[in-house]
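Below is one structure; the comments refer to it alone.
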Amino acid sequence: MYIWNIRALKQELMAGKPKEAPLFGYFYAILVVDLAILYSYWLLPMSNISIWTYVGAVVTPGITLVGTYIAWHQNGRSAGRDFLGRYFPLMWVLGVRFCVMPLAVILPIVFVGGIVAGLTGFGNGGEIPALTEPMALVLGWTWLVVFYWRLAVHMREIATTSG
């Protein structure tokens, strides 16, 4: 993997497609930097930030990095083929599915929750319960773990059936 030498990188790219391990290295490095930038604002000291905000800023990208590495592993690591060509299409289709399917579960829960809150008077004070943030994080983490599990399953199926 090249970090600075653009001339050598271009020569390697012109000579033919680089092997899987260096491609994954570039991709993973970009993913780490993107996640660090995306979640770094959570780590900045601001007023009214709970410990859960900091926990979320570490655990959420951690799940993404571990899930991506497991998908790489299921594809055969450096002996695998076309990880990026499989990763991005699978991420897209799973992403669409994982955004649509939870609506069938979430909308009824929100509807019933709204009725219960209205009937019991819960939440009339305008304050959000203290458990809301950790519950939202745990639900989000569960969603991510299941998402990356399914990605790894599909990646393994493609890798084992395509040789």
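The values are calculated or read from the model by the stated rules, or taken from the named source; none is laboratory data. Keep in mind that this is a model prediction, so the values were computed, not measured. When we count neighbours, we look across all protein chains shown, and the Cβ atoms used for this are built from the backbone with ideal geometry, even at glycine.
A few comments on the model shown:
- Candidate set: the stretch 61-86, residues that are among the hydroxyl-bearing types (S, T, Y) and under 23 Å from L137 (Cα atoms); chosen: the one farthest from the chain's Cα centre (by Cα): Y69
- Residue satisfying all of: in the stretch 34-57; in a helix (DSSP H, G or I) and among the aliphatic types (A, V, I, L, M); modelled with the lowest pLDDT among these: L43
- Checked against (1) modelled with pLDDT under 75; (2) under 19 Å from I70 (Cβ atoms), L31 passes all but condition (1).
- The condition (being more than 20 Å from L84 (Cβ to Cβ) and not hydrophobic (A, V, I, L, M, F, W, C)) is satisfied by just one residue among Y2, Y54, Y69: Y54.
- For the residues L94, L107, L139, L84, the requirement of being under 28 Å from W52 (Cα atoms) and at pLDDT 85 or above singles out L94.
- Members of the stretch 66-90 found to be buried (at least 16 other Cβ atoms within 10 Å of the Cβ) and either among the hydrophobic types (A, V, I, L, M, F, W, C) or in a helix (DSSP H, G or I) (or both), listed by number: G67, T68, Y69, I70, A71, W72, Q74, F83, R86, Y87, L90
- The lone criterion from (1) in contact with a helix residue (DSSP H, G or I) (Cβ under 7 Å, 6 or more places away or on another chain); (2) not in a helix (DSSP H, G or I) left unmet by T60 is number (2).
- Residues being over 14 Å from I63 (Cα atoms), surrounded by 14 or more Cβ atoms within 10 Å (Cβ to Cβ) and not hydrophobic (A, V, I, L, M, F, W, C) - total across the stretch 24-43: 2
- Residue pairs whose Cβ atoms lie under 9 Å apart, separated by 6 or more positions or on different chains, with the first residue in the stretch 41-58 and under 18 Å from T142 (Cβ atoms) and the second surrounded by 13 or more Cβ atoms within 10 Å (Cβ to Cβ) and modelled with pLDDT under 70, are G56/W42; A57/W42; A57/L43; V58/W42; V58/L43.
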